[in-house]
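Nothing in this text is a laboratory measurement; each read-out follows from the coordinates by a stated rule. Bear in mind that the values here come from a model prediction, so they are computed numbers and not experimental data. Positions of Cβ are generated from backbone atoms using ideal geometry, with glycine treated the same way; all protein chains shown enter the neighbour counts.
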Amino acid sequence: MSTIKISNLIKSFGKTEVIKDMDLVIKDGWFVTFLGPSGCGKTTTLRCISGLETPDKGMITVDGKAIFSSADRINLPPGNRSLGLVFQNYALWPHMTVKQNINFGLYKSGLTKEEKNQKVSHSIKVMGLDNLEERYPHELSGGQQQRVSVARMVVVEPKILLFDEPLSNLDAKLRMKLRSELKRLHHELKATTVYVTHDQVEALALSDQIVVMNEGVIQQIGSPYEVYHYPKNLFVADFVGNPQANLIHGKIKKSNNILGVLLANESKIKITPELDDELEEDKEVVINIRPEDIKILRDCNDSEKNYEIYATQPMGSEILFHLITENKELELILKIPEDQSLNLKADMKVGIQITRGNIMDKESGNLITSFGFK
Amino acid sequence: MHSSSIVKLIQGGNSLLYVRKPEKIMAVVFIILLSGLVLFPVAYMIQNSFVFDETGPRYVRGAVIGEWTLFNWIRVVHSNISNSIFYKPALNSLSISIGMTVIALTFGSLFAWLVVRADLPWKPFFSTVLILPYIVPSWTIALAWLTVFRSEKYGGTPGIWLAMTGHNPPDWLAFGYLPIVISLGVHYIPYTFIILRGALANIDSRLEESAELLKAGKLRILAKITLPLVLPSLGSAFVLTFSKGLGEFATQAFLGLPVRFYTFSTRIYSSLSNQMYAEGYVLAMILITTTSTIVFFNQMMLGKRKRYVTISGKGSRRKAVELRKWKWPMLAVLLTFVVIFVFGPLLLLGWQTLMRYDGQYNLSNLTLHYWIGKANTNLADGQPGIFRNPSILNAIGNSLKMAGTTSIISGFIGILIGYTVVKGRGKLYSRVIESITFMPYLIPGIAFGGIYLTIFAKSWGPIPSLYGTFALLIIVCVIKYLPYSSSAGIAAMHQIDPSLEEVAVVHNIGWIARFRKIVFPLAKSGILSAMLLTFITTMRVLDLVILLVTPKTTLMTSIIFRYRAQDFTQHASGVTLLIVLIVLIGHFILKKLGGKVEL
């Protein structure tokens, strides 16, 4: 059992407040990802949990027992928090072999030599490092190095696993492979896992729960599905998703049971046939639409063909379309399965249909309502 | 405080939010230690330049020893003797510094350009050999100079010049300004050579090549492209050489003192060795202020703090400038320089040690007496040969012991300071420690030795008087070379990613084990070079220790100084050659280790 509870956490470096009054519960056995751009405080939060960084204020408990509390002046040394940490740069000791690296992790375990050897060989086997025991880190590939650092972490059987952007230094193919290995590891160990990344694909693929952060403040906590489809605010809408979501800025216009927006230069875009009574006429909004939530209409009236295909980017199974209105005011990115994109070419005029999206308040950036979801 | 929380405090576990980090404890220790050994001595000197010393009552009626006064300052800068104790020596020092800097810079940059950019043969040979004058003790050339130009006027035996021409060389050629400027100038040629070599090697040759494509001539490219690009380094080399020249002691002592040609440093030496402490302090302070101002001015101009030059030994492959008809003349210049100023002095000194009667230049006069001979009252007042001479052997032992101990302690302290400074990056204490460790760089050796002499002549609370002890020599060397060892330590620590230690922290591995098993093994190669360099430097140090050695703690360098004064020339030259040998071996090992040579 290892439920981590963070309350009222504050951490500053000099005058910059890196974590601003954070509250968070990480449930036992969950895989939780901190996602955000660099400088958002995600790594600092992880380091506060590990004890390598001392928060200014607040409290962190594991299963109700404080490991840090500014009020009670408690600050457990990192080594006494029974957690393991994997760094982005692997942090393997370069003057030790694979075996020595893993073995030195057990330096303070109080085990006998045989017990240590047994544990080391076990984790070498689990991480698929057989035959590499006697190699030095510089003789290993990036992926192997990261496996060694994971092996070194798990050999001490920590109750909490912390990962600080562990896959960022690897190429795309290896990242994919190690991602599934990490997921498998979590499935087997069932240890509470906190994972820091700026890569939203990684976050979406791995997590039970994603914590989206920006400028030291949690923006949204939710499952990958929630974060992707129901962003709570503009930041999340903009940050999560690749390619980025379309953001249409304008004023709400309702007429003939159709919701539309008026763009800055008076051209009108039809958004959805649904009507939401809560939306006031003329409210300044930002409409957030995923590239896959727009359809291209080829066989509509010419009056509806308001878009021109600016460029196409085939991506294998999908094709990205870059559409632009005649007056060049609005650009949209669309993602369409390859088999549905018959003969669409640059310069063709087309119409669109928006299937679903989220409407955000422009002023506060917060979600007002969603449409098109079942 | 609750008893339970006291227990917690002592256990050092949970309740110690802020003191757990060892670098903070070390920072406190270092700040105390460095304050005592660097800041306090300087403050002590400043303070004592404003009070009457024991000689005060001799000059001022009613002067009370220890009482506040401006007398010392007035005596130095505005009295009937200021001319001889301050203005003339200061002027001598300035003109020596300017002269030697001009020589060093002219030849250093010419040689650097030839070695880096021109199509000269035997480049690797020159690159190695041209460094030698800076590695051997600075007074090697001075001693060799005396061998050639000594004149009967000042007693002693005749030099080669006299033996060959039958006339005494003119005074200006034998002693004083000119020989000092040439000896020191040659000694510092490698220094400017190394700085300029680095600067030239760093120039992107495409900058010059694109000028060539635009049909610019070679001289024009040199003047309009190359020169402006190396100008900052050139300026820096000028300033650093100049400020080092102000503090030089040994050469000026060997070539100046016999004719009472005083400079700043030799004046400080004679004031302090004659126990005119306050006067010595005033002079030392003026010297320190001057050199510090120059160095700080240089750093301001550079925009960042550049403590020393790093020779990485990196060669660059690029198109060399064709010298054509200048090729052979230039080669001749280089070879002449190498023969006369690099190998010449060493050969002359070697020859001298083999002469039964110094100054008789014939084969029948050759002997190994001064190396291995037993005491003979007809030769050198019965001083036995070097390898049979108990006081020389003692000095060799002392020098090796001092250099060895100093380098080990320096290496160890350097690594710890590096750890403290790098771990505390961005914190005030880190900057404070870094700044204090740099300060000894600004204090010329003779002044530094002088301060230590008076401070440790008496006891301070629990610290006994250390004057006359071996420990004092080691302390003064460790502190004086702190700028080098600590910057090596800082550089080594910068190369260790913090995460390597943090992993161990997470694994509950204590500080000592972390340091022993992770930090030290990773830092050791960088530190080893620094240690070897400290060893070499300490082996040949004279100015720093000359005021501190006692008969019990004689060093090779101080025995040379004494033998010169007593005119035991063969012994002095022989011991000098031994230092050269030890230093060259050290340098060779350093190169083999692939270490960077820092100056």
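Need one number: nm distance between label points at A:GLU139 and A:ARG298, each 7 Å from Cα along Cα→Cβ, rounded to one decimal.
Placing both labels 7 Å along Cα→Cβ, they lie 6.0 nm apart.
Nearest 10 degrees, 0 to 90: what angle lies between the long axis of helix A:113-126 and the longest principal axis of chain A (Cα atoms)?
Taking Cα atoms only, the helix is inclined about 20 degrees.
Using a 10 Å cut-off around each Cβ, can you sort A:LEU297, A:LEU129, B:LEU143 from fewest to most neighbouring Cβ atoms? Let's see the in-between values first.
Details: A:LEU297 13, A:LEU129 21, B:LEU143 25.
By the 10 Å Cβ count, ascending, the order reads A:LEU297, A:LEU129, B:LEU143.
Over the Cα atoms of the stretch A:4-239, Rg to Rh with Kirkwood Rh, two decimal places? Intermediate results must be reported in sequence, preceding the final value.
On the way: Rg = 17.9 Å, Rh = 18.4 Å.
On the Cα set of the stretch A:4-239, Rg over Rh gives 0.97.
Which of the lysines could be linked to A:LYS253 by a straight reach, that is with a Cα gap under 30 Å, when you skip same-chain ones fewer than 8 residues away?
The qualifying lysines are A:LYS232, A:LYS268, A:LYS270, A:LYS283, A:LYS295, A:LYS305, A:LYS328, A:LYS335, A:LYS349, A:LYS362, A:LYS374.
Quick check: net charge around B:LEU255, other residues with Cβ under 13 Å of its Cβ, Lys/Arg +1 and Asp/Glu -1?
Cβ neighbours under 13 Å give a net charge of +1.
Helix-derived [θ] at 222 nm for the protein assembly as shown: sum -39500 (n - 2.57) over DSSP H runs of at least 4, divide by residue count, nearest 500?
Calculated at 222 nm, the ellipticity per residue is -14500 deg cm²/dmol.
Would you please give the FRET efficiency between B:ARG388 and B:ARG220, computed as 1/(1 + (r/R0)^6) with r the Cβ-Cβ distance and R0 = 51 Å, to the nearest 0.05? Before the final figure, lay out each step's value.
Numbers: r = 64 Å, r/R0 = 1.25.
Calculated value: 0.20.
Based on DSSP, what percent of beta bridges with both residues in the stretch A:4-239 are antiparallel, to the nearest 5?
Values: 23 of 41 bridges.
Of those bridges, close to 55 percent are antiparallel.
What are the lysines whose alpha-carbon lies under 16 Å from the alpha-carbon of B:LYS517, with same-chain residues fewer than 8 places away excluded?
Partners within reach: A:LYS99, A:LYS108.
Checking the cross-link filter: which aspartates and glutamates have an alpha carbon closer than 19 Å to that of A:LYS125, excluding same-chain neighbours under 8 positions apart?
Cα-Cα hits under 19 Å: A:GLU114, A:GLU115, A:GLU133, A:GLU134, A:GLU139, A:GLU157, A:GLU181, A:GLU188.
How far is it, in nm, from the label point at A:GLU280 to the one at B:LEU400 when both lie 7 Å from their Cα along the line to the Cβ?
Computed distance between label sites A:GLU280 and B:LEU400 equals 9.3 nm.
Under a Cβ-Cβ cut-off of 12 Å, what is the net charge of the residues other than A:ASN117 that fall near it, where Lys and Arg count +1 and Asp and Glu count -1?
Numbers: positive: A:LYS99, A:LYS113, A:LYS116, A:LYS119; negative: A:GLU114, A:GLU115, A:GLU133.
My count for the surroundings of A:ASN117 gives +1.
Would you please give the FRET efficiency between A:ASP339 and A:LYS57, computed as 1/(1 + (r/R0)^6) with r the Cβ-Cβ distance and R0 = 45 Å, to the nearest 0.05?
Numbers: r = 56 Å, r/R0 = 1.25.
The formula returns an efficiency of 0.20 here.
From the C-alpha coordinates alone, can you work out the Kirkwood hydrodynamic radius of the protein assembly as shown, in Å? Don't skip to the answer; put the middle values down first.
On the way: mean 1/r = 0.0291 Å⁻¹.
Across the protein assembly as shown, the inverse of the average 1/r is 34.4 Å.
Which residue fluctuates most in the GNM of chain A (Cα springs below 10 Å): A:SER121, A:SER364, A:SER12?
A:SER364
Summing Lys, Arg as +1 and Asp, Glu as -1, what charge do residues with Cβ under 12 Å from the Cβ of A:ASP164 carry, A:ASP164 excluded?
Working: positive: A:LYS42, A:ARG47; negative: A:GLU53, A:GLU165, B:GLU502.
The answer is -1.
Run the numbers for B:GLU67 and B:LEU207: contour at 0.36 nm per residue of separation, minus the present Cα-Cα distance, in nm. Write down the numbers at each step before the final one.
On the way: separation 140, 0.36 × 140 = 50.40 nm, distance 6.44 nm.
Length gained between B:GLU67 and B:LEU207: 44.0 nm.
Can you compute the FRET efficiency between B:ILE463 and B:LEU581 using 1/(1 + (r/R0)^6), with r the Cβ-Cβ distance and R0 = 45 Å? Round to the nearest 0.05.
Values: r = 37 Å, r/R0 = 0.83.
Here the calculated transfer efficiency is 0.75.
Against the longest principal axis of chain A, how steep is helix A:142-154, in degrees 0 to 90 to the nearest 10, with axes from Cα atoms?
Orientation of helix A:142-154: about 60 degrees from the principal axis.
Under the definition of partner shielding as Cβ atoms of other protein chains within 10 Å of a residue Cβ, what is the mean value for peptide A:78-88? Could you put the intermediate results ahead of the total?
Values: counts 7, 7, 3, 2, 2, 1, 3, 6, 3, 7, 1.
Mean shielding by partner chains, rounded to a whole number: 4.
On a full-extension model of 0.36 nm per residue, what is the gain between A:ILE324 and A:GLU157, subtracting their alpha-carbon distance, rounded to one decimal in nm? Please report the intermediate quantities before stating the final value.
Numbers: separation 167, 0.36 × 167 = 60.12 nm, distance 5.52 nm.
The span from A:ILE324 to A:GLU157 would gain 54.6 nm if fully extended.
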